[in-house]
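All remarks here apply to the structure that follows.
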Amino acid sequence: EKAGFDHFMLKEIYEQPKAYRDTMLGRMADDGKSVNLKELSMSADYIKSIRKVHIVACGTAYHAGLVGKSVIESLARIPVETDVASEYRYRSPIITPDTLVIVVSQSGETADTLAALREAQKNGAKVLAITNVVGSSVAREADDVIVTWAGPEIAVASTKAYTSQLIAFYLFGLHLAGVLGTQEQAEVEALIAGLHALPEQVESILEQAAVLKQVAESMSHHKSLFFIGRGVDYAVAQEGSLKLKEISYIHSEAYAAGELKHGTLALIEEGIPVIALVTQEALYEKTLSNIKEVKARGAHVLAVANNGSEEEVAKSVDEILAIPKTLPILSPALAVVPLQLLSYYASLALGHDVDKPRNLAKSVTVE
Ligand code: M6R
């Protein structure tokens with residue numbers, strides 16, 4: 001049932017190109033000019049009445065929601081807040097009927113996420129669920145559902161569910177933009193073309209697995225490391241850090257690159273690995289200057305950068321992993337893949353149970 005792979009996690013990482021294609025299937029017009037989520041019951045008038053969006057989820061799904069915030073704000077120009085479900089419930093969030101609450105859950109059974117959904121509906125808001133399980137509690141109770149067609153995810157560490165959630169956000173962002181007229185047609189078509197290119201681009205990253213295995217093996221001797229990035233790269237950094245902690249038990253922290261000098265630089269010492277995400281062209285210079293700050297204090301920096309900019313970035317780092325070029329907002333769907341592989345190989349090198357990490361369950365149905 002692992003289809004020749006040693007672990008479910010690795011199998012699921014390799015299933016991502018298919019998961020992307022399946023999640024996009026039937027949701028775009030044949031001419032590639034628009035996205036149409038026919039399964040949604042929300043009307044155009046309702047969409048026009050949305051004044052704010054709350055995205056609520058836990059763990060990896062929360063990290064997808066951080067990217068979702070950038071997607072919806074940039075494509076539909078609606079203000080978005082993303083919250084961890086266990087915090088959202090108890091902070092008396094301001095939920096009004098013109099708030100759209102989006103809950104994100106692979107399993108659709110996470111207790112805190114389900115409670116957030118109920119809280120939102122009690123306050124008169126509509127709830128859209130992004131979930132991987134059609135008959136789940138979250139899917140049954142939400143007003144609308146976008147199913148991610150990632151297929152069953154068995155490994156505790158979420159991989160293909162996360163990236164399919166990103167695809168769902170891109171599609172929903174484009175759906176909103178179509179109704180609201182917030183994007184130029186040329187932009188919409190470029191994004192759709194970019195989405196279609198992603199599966200093959202992921203395949204080309206998977207071909208670099210051997211390099212990542214080596215990097216992971218040398219990283220696995222360290223007690224602690226950092227992930228840094230700006231914008232959506234920071235969101236991806238947070239997911240990379242969680243994945244590494246979860247299955248390799250190596251301590252790591254994700255930092256917004258510009259925030260380092262407000263305290264964290266004190267932890268940078270000789271030889272500490274820093275994984276820098278440098279995929280956002282508009283922010284290159286800024287992130288490179290943060291990389292120089294950690295390099296000057298002895299950090300060993302691995303950068304994940306786009307094809308085309310890698311020569312420039314390579315000058316400032318110790319190792320570089322180039323990923324295919326895509327539109328900046330789509331980059332998380334590529335940049336996370338090497339981080340998934342790094343975690344997998346680090347866990348393997350340390351002899352841990354990759355698919356069933358200690359202390360954790362696949363689905364958290366208690367608060
Ligand atoms: O089923 P859900 O998406 O609601 O689960 C949420 C988290 O428990 C989950 O993403 C967790 O963080 C993963 N094990 C991370 O890999």
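The values are calculated or read from the model by the stated rules, or taken from the named source; none is laboratory data. Everything numeric here is computed off the predicted structure, so don't read it as measured data. Because the Cβ atoms are built from the backbone with ideal geometry, glycine has one as well, and the counts that use them run over all protein chains shown. Only protein heavy atoms, including side chains, enter the accessible area calculation; ligands, DNA and RNA are left aside. Shrake-Rupley method; radii C 1.70, N 1.55, O 1.52, S 1.80 Å.
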Is there any pair linking a residue in segment 24-43 that is farther than 21 Å from Leu166 by Cβ to one that is part of a loop (DSSP other than H, G, I, E, B) and of a type in the set (Gly, Ala, Ser), with Cβ under 9 Å and at least six apart or on different chains, and which? none
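Please note which strands (runs of 3 or more DSSP E) are completely contained in segment 200-311 and include at least 1 residues that are under 19 Å from the mean Cα position of the chain (by Cα) and in contact (Cβ under 8 Å) with a residue 40 or more places away in the chain.
Fully inside segment 200-311 and qualifying: 224-229, 273-278.
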Hey, among Gly32, Gly59, Gly68, Gly26, which residue is within 16 Å of the ligand (Cβ to nearest atom), of a type outside the set (Val, Ile, Thr) and open to solvent by 10 Å² or more (accessible area, probe 1.4 Å)? Gly59
How many residues does segment 119-138 contain that are within 15 Å of the ligand (Cβ to nearest atom) and either of a type in the set (Ser, Thr, Tyr) or part of a helix (DSSP H, G or I) (or both)? 4
How many residues are near the ligand (Cβ under 9 Å from one of its atoms), in contact with a helix residue (DSSP H, G or I) (Cβ under 6 Å, 6 or more places away or on another chain) and in a helix (DSSP H, G or I) when one looks only at segment 139-169? 2
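Any residue at all in segment 331-344 that is open to solvent by 10 Å² or more (accessible area, probe 1.4 Å) and within 15 Å of the ligand (Cβ to nearest atom)?
no
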Condition first: part of a loop (DSSP other than H, G, I, E, B) and β-branched (Val, Ile, Thr). Now tell me which residues in segment 33-62 satisfy that. Ile50
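Considering only residues of segment 298-330 that are among the hydrophobic types (A, V, I, L, M, F, W, C) and over 23 Å from Ala197 (Cα atoms), which is surrounded by the fewest Cβ atoms within 10 Å (Cβ to Cβ)? Break it down stepwise before answering.
Narrowing segment 298-330 to residues among the hydrophobic types (A, V, I, L, M, F, W, C): 299, 301-305, 313-314, 317, 320-323, 327, 329-330.
Keeping just the survivors that are over 23 Å from Ala197 (Cα atoms) gives 299, 301-302, 313-314, 317.
Values: Ala299: 24, Val301: 22, Leu302: 22, Val313: 22, Ala314: 14, Val317: 24.
Filtering first and then ranking leaves Ala314.
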In segment 345-367, anything open to solvent by 60 Å² or more (accessible area, probe 1.4 Å) and away from the ligand (no atom under 13 Å from the Cβ) is listed as Leu348, Leu350, Gly351, Asp353
Could you list all residues from segment 76-115 that are of a type in the set (Gly, Ala, Ser) and within 11 Å of the ligand (Cβ to nearest atom)? Ala85, Ser86, Ser105, Ser107, Gly108, Ala111
What are the residues in segment 312-367 that are without any contact (Cβ under 8 Å) to a residue 60 or more places away in the chain and outside any helix (DSSP H, G or I), if any? Lys315, Ser316, Val317, Asp318, Ile320, Ala322, Lys325, Gly351, Asp353, Asn359
Find all pairs meeting these conditions: Cβ atoms under 8 angstrom apart; at least six residues apart or on different chains; first residue within segment 1-15 and part of a loop (DSSP other than H, G, I, E, B); second residue of a type in the set (D, E, K, R). Lys2/Lys11; Ala3/Lys11; Phe5/Lys11; His7/Asp355; Glu15/Lys160
